[in-house]
Amino acid sequence: MAARADIADHLQELLDADDSEFGFVLLDPDDILTYASKGLREAFPGVDIPSKISRPYTEVLSELIKVGTQTGKTLPPEDQLNSHLKWHQDPTHPLEVLTNKGQWIRYRERRLPGGYTAGVFIDITEVKKRELALAAREQRLADYADAGSEWLWQTDEDHRYTYFSRGLLPHTGINPDELIGKRRQDLIQSSADASVLEHFATLEEHRSFQNFRYATKGKDGETRYISVSGVPFFGKNGRFNGYRGVGRDVTAHVLAEQRAEQAHARLSDAVNGLQGGILMFDQNERLVVTNIQSRSLYIDVADRLKVGTPMAEAVAALLQRDIGDSGAVLTQETVDRELSRWRSPQRSDLQFPLGDAWIERRVTPTKAGGALIMEIDVTASKRRERELQAAKEEAERANRTRTQFMAQMSHELRTPLNSIIGFAEVIHDELYGELPSPKYKDFANDIRESGRHLLSIINDILDLAKGEAGQRSLNPEPVSVPEAVAASLKLVKQRADAIGLTLENRVPSDLPALLSEDKLVRQMLINLMSNAVKFTQAGGTVAVSVEMTDEGGMTLIVSDSGIGMEKGDIEKALMPFTQIDSDLSRQYEGTGLGLPLVDSLMTLHDGLFILESTVGVGTKASLCFPPKAVVTAEAEQPANTPDSAQSARKAQIP
């Protein structure tokens, strides 16, 4: 008995030791507090623990909660009491509480024989502080990850997931709970890829890894691309415990890369399908696309024109190729000049010989700030160009020869023809005596008229030839348009009356004068009126009108209600010695020089001759004189002296 008493005394001494980190309580079978160590009194200074001996446990606990004891949760006192009492009924796990001193206590209860309950508590404040600091640090990391597009993860020694931060769900739509316990190889779609097998080997060797990318199925069934980085962690004994790392959804980035690769592939296919050589540089002046490796023009420089080559080196390589074996020396000045052209924001083309070929080098700036260089073999085009130029020069020589011949022949014909016309008039007028028979007079008249007609044709040929040869000049003077129109209508009136046509003069009398030659204006009007009368049937109308343009020009218009022309025949009608094939046109003689001569004379005035026609409706011929050919009102005002008026008029002539 003495030994047992000593043991009890030692136990009491231990329980009452001045150590607030440890405490002990004892409850009897009726949950009455029968004992409380000194440590409990130290932990809860706001409660008179000795006075609570022999009081029910519920009362003691209520008093502890009332002075500020917490259970780690923000609950009302009544809810805290109920929660604690519920735990007290089945205390299978320790309870952690925060006292009003800011002290964390871990409390355990155990049922003893006889219905007693023993409660033991220890101070875990320092441990709890470390736990809370670690949790806060982990929370900060999780917050950082959530703020971006990342999440934290952890695996165990078997590479099974044990933890995901909350960033996984919003960024991927994947519930972390569905992944806990799974391995990464369970999620990867193509686990046989070389990069995947290499990653698995890294995991087995417990090595760190960066930016491992894999494809997996998302919640919606769509493929998502995940990039993960991780480091292994080990226990104190050096035993491998698993991996910790960060993951992020790179689906948008991968899809953008795939689209870029597809676009690049399409561009490469298109570039390789082109006949010419292509060099495309980015904004950093690096070669990014080329097709020259398969082109014979680049055999000697292909190894210097690879993807990644700087623009300056590419320029030097091509210029050296251009020089070839000529013996010329490539200078830095030449390289800099060509490089400046490649860097220019403006497109430029350059043609140069390369051996037996001709090459065109086109430099076009790209929207991305780079440059596109295209080299095209234009040998065939150059050959055709030379052939066309030679043909053009030959045609011009032939035309000049023809024009000179026509002018010379016309001049040679006019001299004897004038003699024929003169002698015919002498005979017709019987200047040297009466003719023996009246028929001789008729014959002389036919000779004279035919000669005059032939002379008119020769004059037209000569005028046309002069115009084509550039020998015709304009001596402008003010021409009265109303007078020229009236005189021209008078000359065609007899033929119009014979056919039964109506001639209409719609030209006002107050028109400004034209700077031209009276003879040329009348010649053009007569040609147009004669054509209109010739190709208009009985009962039709031929009218002359005028329009002033907004710019100050003048347009003389001769219109008819005749047979008209097809659209394709208008160009033919403007060609010399050409007549439109129609039933009515074959009823009249003609050389086909009238309209081409009018066109030539309008060119001489820097004007325009416009011919419009519709079959069965009629034809409209317009003489469009420019503003400089129209005499303004200021130019017609009288000067102070008679001589100055003449001088002023001459000054208006261009």
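Here's the yes/no breakdown for (1) open to solvent by 20 Å² or more (accessible area, probe 1.4 Å); (2) over 21 Å from GLY553 (Cβ atoms); (3) at pLDDT 90 or above; (4) touching a helix residue (DSSP H, G or I) at 6+ places or on another chain (Cβ under 8 Å):
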{"residue": "GLY616", "(1), (2), (3), (4)": "yes, yes, no, no"}
{"residue": "LYS620", "(1), (2), (3), (4)": "yes, no, yes, no"}
{"residue": "LEU623", "(1), (2), (3), (4)": "no, no, yes, yes"}
{"residue": "GLU634", "(1), (2), (3), (4)": "yes, no, no, no"}
{"residue": "ASN640", "(1), (2), (3), (4)": "yes, yes, no, no"}
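Residue pairs whose Cβ atoms lie under 7 Å apart, separated by 6 or more positions or on different chains, with the first residue in region 81-96 and under 18 Å from ILE124 (Cβ atoms) and the second surrounded by fewer than 14 Cβ atoms within 10 Å (Cβ to Cβ) and at pLDDT below 90, are GLU96/GLY72.
Among residues of region 155-203 being surrounded by 13 or more Cβ atoms within 10 Å (Cβ to Cβ) and among the small types (Gly, Ala, Ser), the one that is modelled with the lowest pLDDT is SER191. Only one entry of SER227, SER268 meets the criterion of being under 16 Å from GLY167 (Cα atoms), surrounded by 12 or more Cβ atoms within 10 Å (Cβ to Cβ) and without any contact (Cβ under 8 Å) to a residue 40 or more places away in the chain, and that entry is SER227. Anything in region 533-542 that is at pLDDT below 90 and open to solvent by less than 50 Å² (accessible area, probe 1.4 Å)? List them, or say none. Result: LYS534, single match. Taking region 25-61 as the range and being open to solvent by 50 Å² or more (accessible area, probe 1.4 Å) and aliphatic (A, V, I, L, M) as the test, only ILE53 passes.
Scanning region 93-126 for residues that are modelled with pLDDT of 85 or more and on the phi > 0 side of the Ramachandran plot yields GLY114, GLY115. Cβ-Cβ distances below 8 Å connect the following pairs, each with a first residue in region 389-400 that is touching a residue at least 24 places away in the same chain (Cβ under 8 Å), a second residue that is assigned to a helix (DSSP H, G or I), and a separation of six or more residues or different chains: ASN399/GLU468; ARG400/ALA469. Sub-8 Å Cβ pairs linking a first residue in region 172-193 that is under 11 Å from THR162 (Cα atoms) to a second residue that is acidic (Asp, Glu) and open to solvent by 30 Å² or more (accessible area, probe 1.4 Å), at least 6 apart or interchain, are ARG183/ASP158, ordered by first then second residue. Candidates are the residues of region 480-525 that are open to solvent by less than 30 Å² (accessible area, probe 1.4 Å) and either in contact with a Gly (Cβ under 7 Å, 6 or more places away or on another chain) or assigned to a strand (DSSP E or B) (or both); the one that is farthest from LEU623 (Cα to Cα) is LEU501. Looking at region 273-367, the strands (runs of 3 or more DSSP E) lying wholly inside it that each contain 2 or more residues that are surrounded by 18 or more Cβ atoms within 10 Å (Cβ to Cβ) sit at 277-281, 287-290, 357-365. Would you check if there is a residue in region 133-143 being surrounded by 14 or more Cβ atoms within 10 Å (Cβ to Cβ) and in a loop (DSSP other than H, G, I, E, B)? Looking for residues that are surrounded by 14 or more Cβ atoms within 10 Å (Cβ to Cβ) and in a loop (DSSP other than H, G, I, E, B), one finds none in region 133-143, hence no.
For region 381-438, the set of residues classified as β-branched (Val, Ile, Thr) and either at pLDDT below 80 or within 60 Å of the chain's Cα centre (by Cα) (or both) consists of THR401, THR403, THR415, ILE421, listed by residue number.
The values are calculated or read from the model by the stated rules, or taken from the named source; none is laboratory data. All figures in this text were calculated on a predicted structure; none of them were measured in a lab. Using ideal geometry, Cβ is built from the backbone for each residue, glycine included, and neighbour counts are taken over all protein chains shown. Each accessible area value is taken on the protein alone, full model and side chains, heavy atoms only, with ligands, DNA and RNA left out. Shrake-Rupley method; radii C 1.70, N 1.55, O 1.52, S 1.80 Å.
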